1. Size of the range 203-321 along its principal axes in angstrom, Cα-based, largest extent first?
2. In square nanometres, what is one fourth of the surface area of the convex hull spanned by the alpha carbons of the range 393-523?
3. With the cut-off at 20 Å, tell me which of the pairs 7/72; 155/386; 117/199; 155/493; 18/50 have Cα atoms farther apart than that.
4. Based on other C-beta atoms within 10 Å, arrange 499, 441 from fewest to most.
5. Under 5 Å between amide H atoms, partner at least 5 residues away or on a different chain: which partners does residue 58 have, H built in plane at 1.01 Å?
6. Taking 0.36 nm per residue of sequence separation and subtracting the Cα-Cα distance, how much length would be gained by fully extending the chain between residue 356 and residue 53, in nm to one decimal?
7. Output the Kirkwood hydrodynamic radius of the range 149-188, Cα pairs only, in Å rounded to one decimal.
8. D for the range 344-459, whole µm²/s, Stokes-Einstein with Kirkwood Rh over alpha-carbon pairs at 10 °C and 1.306 mPa s: what number?
Amino acid sequence: MAQPILKTIPLDQLKISKLNMRHSRKKPDVSDILPSIRESGIRQTLLVRKEGDHYGVVAGRRRFFALKEIEKETGETPHVPCAIMTEEDAASAIAASVIENVGRLPASEMEQYTAFKRLHDEGRSVDEIAAFFGVTELLVRRVLALASLSEPIRKLYAEDEIDRETIRALTLATEDRQGEWLRLYESEDDRAPRGRNCKAWITGGAIITTDKALFDIADYDGQITADLFGQHGVFADPDAFWKAQSAAVAQRIEAYIADGWKDVVCLERGAFFHRWDHQTRTKKQGGKVYVELRHDGTVTFHEGYISQAEARRQEKAKTGDGDGPAAPVKPEMSGPLAEYILLHRHGAAQASLVAQPAIALRLMVAHAMTGSALWQVRAHECRSRKEDTCASLETSKAAAQMEEEGTRIASLFKALGVNGEARRNGDAYRLCEVFAALLAMSDEEVMEVLAFTMAQTLEAGGPVVEAVLHVCETNLSACWKPEPAFFDLLRDKRAINAMVADIGSKSLAESCASDTAKIQKQIIGNRIMGHGCEPNLDWRPAWMHVPPTRLLEGAGSPPADAWARITGLFKGHKDIESADAETFDQPHAA
């Protein structure tokens with residue numbers, strides 16, 4: 001950036017520049033800097049650039065609005081010390097604005113997108129932007145990927161109407177596909193796919209990543225969609241992928257036969273290879289190779305197995321039972337006939353479940369615990385970047401309660417000779433094993449398993465958590481107390497001062513407003529423990545109330561924002577615990 005020119009400019013000649021990172025945002029809170037500016041004036045120059053008949057403020061937006069307040073109070077137009085940039089250096093202006101704003105408050109993903117895109121449009125390369133901000137090039141590409149989205153979709157994301165997983169999936173969509181998704185979103189009758197389902201919808205029903213390919217990607221003629229938010233690309237056309245994958249599998253099968261294996265059995269796509277139904281045999285002992293094809297493109301070659309039935313026939317032949325190994329029995333129905341029979345049996349099973357809600361409930365719980373080709377359920381995992389946050393959660397009362405209940409659930413299954421640990425690998429035998437155990441449990445025990453499974457798979461953050469806390473009338477004091485990890489992460493002096501006012505008084509907060517954050521946090525801690533006052537051991541910040549509230553009017557607060565979105569849905573709700581006990585009194589399914 002060229003050396004700026006220093007000059008004093010009347011306030012009425014200044015406006016917020018469109019290159020300012022927070023140009024379009026509402027008027028900021030300047031109460032924390034206003035007293036200092038009233039007394040001593042501006043100590044740091046505003047960074048501006050000539051824009052038409054006025055000067056645009058690139059950096060110093062809050063100081064500008066503080067001076068506007070002083071102008072209203074005094075009726076006089078102040079003269080402002082400014083550093084004037086050249087009009088041509090737009091990229092440096094954007095960078096200066098970003099540096100100031102990010103240094104004061106971390107930018108959201110959409111604000112990063114705006115800043116990165118402006119710098120990119122001004123000619124800065126991806127690697128230059130990455131080096132400037134000290135981030136990876138992949139992060140810059142991911143943020144810039146939002147540029148491929150239509151304006152209405154970006155607006156929905158900025159307003160928290162679309163979750164992060166969905167917006168990332170939509171970066172894979174063409175412009176037409178984005179328009180189709182928007183029509184579904186705005187429709188009163190249809191529902192737009194979200195999250196992983198959205199990714200599957202865009203890729204034609206199957207998400208097959210490039211790491212699953214047995215063939216050389218360089219020789220593949222089909223389309224591959226780059227997924228900046230995943231480790232691998234995604235095959236846009238599943239049929240084209242399977243054509244190439246099948247050819248590669250056929251080559252591998254030929255290689256196995258040439259290598260001396262007795263046979264290679266290729267299972268139907270989606271069918272699992274069950275080791276428990278097979279015995280191991282070496283190549284010399286007549287072992288076979290079984291090829292397992294998963295719907296996500298994964299191909300697994302299981303070497304050295306024979307079926308239990310074949311093993312029994314071999315054993316009879318060794319002991320002299322029978323007249324030697326029996327000839328393979330031809331299947332009694334063709335593939336198409338088997339498909340016909342199985343689909344009709346499936347339809348009958350569906351109709352039966354509709355009339356048996358108690359059995360359907362147990363089967364649903366089994367699916368949630370084990371998964372299937374149509375069920376993709378994941379347990380929540382703590383993925384905080386802060387080790388202290390993870391440690392705090394691991395030692396919390398809520399975690400201890402979940403562990404205790406997990407032990408209780410495991411004992412229910414253990415009593416029936418089944419491992420009750422949730423293993424969501426989609427194995428059909430495992431699913432039926434858990435289903436059979438649930439059929440042997442009472443309704444009360446099944447509901448206990450259901451509650452624990454739902455708790456394990458509850459997504460962190462967002463409106464669903466707030467809805468559960470509200471409906472269950474959770475007492476957060478029993479689960480959480482202000483602790484060192486919380487105070488270490490607490491940095492915003494405005495929020496800290498608001499907490500001082502809440503646990504103490506407004507006058508106390510005003511008297512220590514100029515103190516450091518550390519001192520004000522000590523005041524809060526002393527008030528909790530009762531040093532010099534009555535102890536307030538049950539005090540919690542407004543963020544940890546049910547429902548949560550924000551400390552600063554108009555400021556962003558994830559829990560309060562999440563509750564605000566759904567508060568109208570739960571007005572006048574009935575406590576589930578007070579419902580008639582017969583609500584869940586279904587006949588014993590066993």
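1. 62, 27, 21
2. 10.9
3. Details: 7/72 23 Å; 155/386 30 Å; 117/199 25 Å; 155/493 30 Å; 18/50 12 Å.
Distance filter (> 20 Å) returns 7/72; 155/386; 117/199; 155/493.
4. Placing the least packed residue first, the sequence is 441, 499.
5. Here 17, 47, 48, 49 satisfy the definition.
6. Here the answer is 101.5 nm.
7. Kirkwood hydrodynamic radius for the range 149-188: 10.1 Å.
8. The estimated diffusion coefficient comes to 103 µm²/s.
Each reported figure results from applying straightforward, stated rules to the coordinates on display, with no laboratory input. Note that the structure is a prediction, hence the values are computed from the model and not measured. Quick reminder, even Gly has a Cβ in these numbers, built from the backbone with ideal geometry, and neighbours come from all protein chains shown.
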